[in-house]
Amino acid sequence: MKMILLKDVKNYGKKDDIVEVSDGYARNYLIPQKLAIVATKDDVSHLRVRQKKEEQATKEDVAKVEQFKKQIEDLNMSFALVVKNGKPFGSVSLTQICDRLKKEYNIDIDKRKFEKHDNLNKVGLYYLKIKLDHKIVATLKINIEGK
């Protein structure tokens with residue numbers, strides 16, 4: 001019997017998969033547990049239409065995230081550390097970076113989205129990786145100067 005899975009079923013498939021199972025397994029387990037429904041022509045066509053809509057929405061979301069990634073990668077932020085006798089004092093925190101992104105560029109990023117990095121406590125150029133949606137990673141350039 002052909003069934004459309006409503007939830008993931010171990011050894012059979014994931015949600016929205018169309019699978020062939022024995023009649024007894026379908027009647028005695030999948031249908032009573034509301035894990036699957038019988039795959040009629042109408043249900044299959046509705047499933048295909050819904051999958052196409054979800055796929056289109058996902059493509060639009062990915063395009064927006066890619067545009068956001070480009071906007072982040074075009075930035076080149078500068079911060080200043082106090083330098084005495086050739087040694088910098090202090091550091092630049094992720095909170096400072098997020099606050100500045102929000103104030104100056106109107107970009108709201110949670111500091112937990114930044115991947116692990118070295119401490120920003122020396123003069124130089126740093127590349128910070130930011131995890132965005134859909135497994136897309138943007139790289140933000142941070143230049144730390146001495147004053």
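When Gly124 is tested against the conditions (1) free of Cβ contacts under 8 Å to residues at least 40 places away in the same chain; (2) open to solvent by 40 Å² or more (accessible area, probe 1.4 Å); (3) not β-branched (Val, Ile, Thr), the lone failure is (2). Just to verify a result, which residue in the range 77-108, among those that are aliphatic (A, V, I, L, M) and in a strand (DSSP E or B), is farthest from the chain's Cα centre (by Cα)? For the range 77-108, the residue satisfying everything is Val83.
Sort out which residues of the range 4-25 are part of a helix (DSSP H, G or I) and either hydroxyl-bearing (Ser, Thr, Tyr) or under 19 Å from Glu55 (Cα atoms) (or both), and write them in order of number. Talk me through it step by step, then tell me what you get.
We begin by selecting, within the range 4-25, every residue part of a helix (DSSP H, G or I); these are 23-25.
Correct list: Tyr25 only.
Residues to consider are Lys147, Lys135, Lys111; find the one that is modelled with pLDDT under 90, surrounded by fewer than 10 Cβ atoms within 10 Å (Cβ to Cβ) and within 20 Å of the chain's Cα centre (by Cα).
Unique residue meeting the criteria: Lys135.
Here Arg112 meets each of (1) closer than 25 Å to Thr58 by Cβ; (2) in contact (Cβ under 8 Å) with a residue 24 or more places away in the chain; (3) part of a helix (DSSP H, G or I) with one exception, condition (2). For the range 118-132, filtering for residues that are under 19 Å from the mean Cα position of the chain (by Cα) and either β-branched (Val, Ile, Thr) or not in a strand (DSSP E or B) (or both) leaves 2. A single member of Asp17, Asp23, Asp8, Asp74 is under 30 Å from Ile107 (Cβ atoms), modelled with pLDDT of 90 or more and more than 17 Å from the chain's Cα centre (by Cα), and it is Asp74.
State all residues of the range 36-48 that are in a helix (DSSP H, G or I) and surrounded by 10 or more Cβ atoms within 10 Å (Cβ to Cβ); if no residue qualifies, say none. Reasoning before the result, please.
Keep residues of the range 36-48 that are in a helix (DSSP H, G or I), which gives 41-48.
Selection gives Asp43, Val44, Ser45, His46, Leu47, Arg48.
Consider Lys129 carefully, then state whether it is out of contact with any Pro (no Cβ under 7 Å at 6 or more places or on another chain), of a type outside the set (Val, Ile, Thr), over 30 Å from Ile18 (Cα atoms) and free of Cβ contacts under 8 Å to residues at least 24 places away in the same chain. Taking the combined requirement at face value, the residue satisfies it.
For Val9, state whether it is of a type in the set (Val, Ile, Thr), within 30 Å of His134 (Cβ to Cβ) and surrounded by 15 or more Cβ atoms within 10 Å (Cβ to Cβ). Taking the combined requirement at face value, the residue satisfies it. The listed residues are Ala26, Ala80, and the only one of them that is among the small types (Gly, Ala, Ser) and in contact (Cβ under 8 Å) with a residue 40 or more places away in the chain turns out to be Ala80. Residues that are open to solvent by 90 Å² or more (accessible area, probe 1.4 Å), within 19 Å of Tyr126 (Cβ to Cβ) and of a type in the set (Asp, Glu) within the range 55-108 comprise Asp74, Glu104, listed in sequence order.
The values are calculated or read from the model by the stated rules, or taken from the named source; none is laboratory data. Keep in mind the model is a prediction, meaning the values are calculated, not measured. Cβ atoms come from the backbone with ideal geometry, glycine included; neighbour counts cover every protein chain shown. For accessibility, only protein heavy atoms count, side chains too; no ligands or nucleic acids. Shrake-Rupley method; radii C 1.70, N 1.55, O 1.52, S 1.80 Å.
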